[in-house]
1. Tell me yes or no: at least one residue of segment 71-89 is over 39 Å from the mean Cα position of the chain (by Cα), crowded, with 21+ Cβ neighbours inside 10 Å, under 28 Å from PRO166 (Cβ atoms) and modelled with pLDDT of 90 or more.
2. Regarding GLY243, is this residue open to solvent by less than 90 Å² (accessible area, probe 1.4 Å) and under 30 Å from the mean Cα position of the chain (by Cα)?
3. Taking SER384 as the residue in question, decide whether it is at pLDDT below 85 and more than 20 Å from LEU589 (Cβ to Cβ).
4. How about segment 199-231: which of its residues are among the aromatic types (Phe, Trp, Tyr) and free of Cβ contacts under 8 Å to residues at least 24 places away in the same chain?
5. State whether the residues of segment 373-381 include one that is open to solvent by 20 Å² or more (accessible area, probe 1.4 Å), modelled with pLDDT of 90 or more and either among the β-branched types (Val, Ile, Thr) or at negative phi (or both).
6. Does PHE125 qualify as being in contact with a strand residue (DSSP E or B) (Cβ under 8 Å, 6 or more places away or on another chain) and open to solvent by 20 Å² or more (accessible area, probe 1.4 Å)?
7. Output the residues belonging to segment 331-367 that are open to solvent by less than 70 Å² (accessible area, probe 1.4 Å), closer than 30 Å to ALA97 by Cβ and at pLDDT 80 or above.
8. Which count do you get for residues in segment 179-236 that are among the polar types (S, T, N, Q), assigned to a helix (DSSP H, G or I) and open to solvent by 90 Å² or more (accessible area, probe 1.4 Å)?
Amino acid sequence: MTAQPPEVSHSGDEATLLDWLRIVADQNVPEILQQAAVPVAWMGRTSTDDAQDPTLSLPRQLENSRNALPPGFVIVAKFYDVESGRKSVERRGTGTAHEQFDIPIPRDGGIADLLAEAQRPDRRFVAVVCESIERVARTTYFSTKIEYELEQAGVALLAADEGIDPSAVPGLDKRAAPFRRATPTLTRRIKQAIAEWYVLNMLELSWGGTKAHTNQGFNIGKPPYGYAAVKTRHPVKNKAEQGRTKHRLVPDHIRGPVVTRIFLMRALDRIGYQAIADRLNADPDRYPPPDPIIGEGRRHRVGAWTASNVREVLDNPKHTGYMVWNRRKRPRPERGIRGKVNPPSAWVWSALPTHEPLVTREIFEAASTVGRFRQGSRSDATPSPLAKRTYLLRSYLRHALCDRRMWGHTVRQLTYYRCSPKPDHHGHLPWFDAHPAHVTVREDDIMPLLNQFFERRIFGEARAGFLAAAVGRPPVRNDVDERAAALTREIAALQRRQTNLITELEQFEPSGDDNFDQAWRSGIQERFRTILADVRKKTDLLAELTEQGKLQPETDPALLEAIPTTSLAVSRLPEAQRRRLFDAFHLELRYDDRTSELDLRITITGDTATLLSATVQDILDSAEGTPEPVADLLRAPAGHTNAADLQGARGGSRTRTPL
């Protein structure tokens, strides 16, 4: 082919050789290359490797995308990932799952690489094509965000199943409007919404199926300590032919009693996790430690009980006979989701017991509350290495106004218990203003009342008469009622202040000084905001107190009869045995310095009465040979100021006595 001399005019100058070569090159471009005017990048994605086969899905996506391209559009780069479409944009394209497969497609990178190249001025493409918009992301927000980022970079996002309009590529058709067309955009948004709906619908169906699975009593995961799994044939024929099974729980005849023992030590003795582990490790043949869950990142077996696996036993509600699911949120590191323990309100319980229980639900709940009672307290009476002595009433005695535990100290060989709130830590609480700087009470003022209470009204022969006389009495107004009434008054006063501020703001007349008027309004708003925060805080506290002060179950005098009577002097027991006795009865002491009254509370329930009897008998057996108390200590004279009145309390006994 002979090129004709160019007909150009350069104001009398002849064309240069370079201009002539350029024109010749343009006139001799092969026909196939003349059509390759629009370079396109392909984007593919498959779900996690256990849900799809990437070696089949990705080649299909590439072929469908290539077939949908108009003439002149050529795929010049290929980006794909094997990952979930629900991951955030920041975490997309960082996985390595594609390396596990022999995918017959050269890979230029993932979606993160595609977005990065789209921002460069020397990018290889002007548009991105995918098989379907759901391949970009399964969440509408993430999908539209990727589309927006490409659009801002001047790169069009095309989908094969939507039909590809060449005019959608920026700059390709100068007659096209400089914005996206309305109808294709609406169609895409509908498809994106459908893609997200599909995922959410599958999650809802899966959630409902797992709830039904739980309600039918089938276990998920490793059987909890104390149980063994019994396999049953899968009800779906195809899955049964694949060898898949379902599992139910049956008690382990060796480890089942260990679980019951652990709950009793926690609920009755109120000891900590490590103290329970130490007792179990003293006899490993009788109390075999649990086996760990085998797998990557799991702990190694230590061959002994630890505080953590004791806690796992106590925290597992399956020991109550109910099947429970959704106690933990599954971690998904690829999506930035951390695993966590769900609150009990999110647990899914079976409607009825599905397997044999190892503990009652009442004992399980009682064991669950011990942590709040014991917080910051040691499990036994042995002193800390830094402590010079121990205090018998440690962890039992609280101040009635603030409900904080009182701590012991010694002054000239006299033992006191003190409550001293700190302004930095407690100044924001509603009781702080009414709380004295220091509240103290002597131990020798409390112990005679406490010993007499146990010896006469719990173990004494006349205990039934004391309880019968007290059950019919009207309840004494307690500190919870008083605090609730005080909070109600404080909330009403704050609400009146709010009303006054609103009235003052409505009646305000401008002074003519804009700076003054603005400062005045800002001050009113700040005061109103502070009062509103106080109202909300006190309202929440009032709701807690209202819940705490609800009507309690009726007292059952027959529960007290399950406890053996004895003439043994509680005051003569060793300190460790007395603390064991106090823990078994869930002793609670509250001292009110405003009225100089001591509130004593013990708890006996139908589930713990028999176990309490065994604990008391064990204490009595270990105290054989202890002299009996003198008769004067057992009998309080009529009209004595230290006489304790036994009153009905929540499932147990209670006394409120002036010191």
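The values are calculated or read from the model by the stated rules, or taken from the named source; none is laboratory data. None of these values were measured; they are calculated from a predicted model. In this analysis, Cβ positions are derived from the backbone assuming ideal geometry, glycine residues included, and neighbour counts consider all displayed protein chains. For accessibility, only protein heavy atoms count, side chains too; no ligands or nucleic acids. Shrake-Rupley method; radii C 1.70, N 1.55, O 1.52, S 1.80 Å.
1. Applying the first criterion (over 39 Å from the mean Cα position of the chain (by Cα)) to segment 71-89 yields 71-78.
Applying the additional criterion that residues be crowded, with 21+ Cβ neighbours inside 10 Å yields 73.
Remaining after also requiring under 28 Å from PRO166 (Cβ atoms): 73.
In the following step, the residues that additionally are modelled with pLDDT of 90 or more were identified as 73.
Looking through segment 71-89, at least one residue is over 39 Å from the mean Cα position of the chain (by Cα), crowded, with 21+ Cβ neighbours inside 10 Å, under 28 Å from PRO166 (Cβ atoms) and modelled with pLDDT of 90 or more.
2. Details: open to solvent by less than 90 Å² (accessible area, probe 1.4 Å): yes; under 30 Å from the mean Cα position of the chain (by Cα): no.
When the stated conditions are applied, GLY243 does not pass them.
3. When the stated conditions are applied, SER384 passes them.
4. TRP207
5. no
6. It is false that PHE125 is in contact with a strand residue (DSSP E or B) (Cβ under 8 Å, 6 or more places away or on another chain) and open to solvent by 20 Å² or more (accessible area, probe 1.4 Å).
7. The answer is ASN342, and nothing else.
8. Total meeting the criteria: 1.
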